[in-house]
Each structure stands twice: as C-alpha cells, then as structure tokens.
Amino acid sequence: ETLRSLLAVKDQEIAAKDRELAEMREANQSSLADSDSKASLLADKADEMAELEKRIRELEDEMRSKESEWRFKLENMEDALELESDKREVIEQQLEDDARRGAKELGALKMKLMNYEMGVDMEF
C-alpha cells in the first residue's frame, strides 16, 4: 500500500508536470503565433516602405525633369528678352537718328523759307 501511495503521488506529480508542460507549449504556440503575426506586419510595413521609396524616387525624377524644363524655358525667355532689348535699342537709335535728320531738314527748310521770304520781300 505504501508503494501504491508513492506511485499515486508520483502519478500526481507527473500529471502536474504534464499540465505544466502543456501550458508551456500553449504559451509557446501563442508566442510563436504573435511572432508570426508581428513578422507579417513587419513584412507588410517593409513592402509599404519600398513602395513609398519608389514613389519618392519617381517624384524626385519628375521634379528634376520639370526643373530642367523650366530652366530651359527660362533661358529661352531670357534670350528672347535680351533680343527684344537689343531690337529696342536699335529702334531707339534709329528714332534718334531720324529725329536729328528731321531737325536738320527742318532747319534747312526754315533757312530756305527765310531766304525765299527775303527774296520775295526784296522784289517788292
């Protein structure tokens, strides 16, 4: 009977150890499931980050392209403005030359008129 009671005690200890081991396995399984879930979330986030980085590179490329385009247009506008400024200077110079010629011609006509008037006066 003592042997049976010892065996019963040992059976209870083994049963307790089995329950404890089962609880540990369950906790470990739960921990593994959490780890898998976290790993999946991390993988999803890594994919999102890769997509964002790709989009950022695309936007940077687009920005560089637009910047080049705008720089080219600006240079063309500056060249056109410079050309217009040069044309304006030529036109202003032509107008000044025309004004001087006109003033000389006017002066010459005034002299002719005065000479004519004096000639007409002398005849009377």
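The values are calculated or read from the model by the stated rules, or taken from the named source; none is laboratory data. Model, not experiment: these values are computed from the prediction. Accessible surface areas use protein heavy atoms only, side chains included; no ligands, DNA or RNA. Shrake-Rupley method; radii C 1.70, N 1.55, O 1.52, S 1.80 Å.
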Give the range 56-73 a look and list any residue that's among the acidic types (Asp, Glu) and open to solvent by 90 Å² or more (accessible area, probe 1.4 Å), or say none.
-> Glu62
Looking at (1) over 41 Å from the mean Cα position of the chain (by Cα); (2) open to solvent by 80 Å² or more (accessible area, probe 1.4 Å), which is the only condition Glu53 fails?
-> (1)
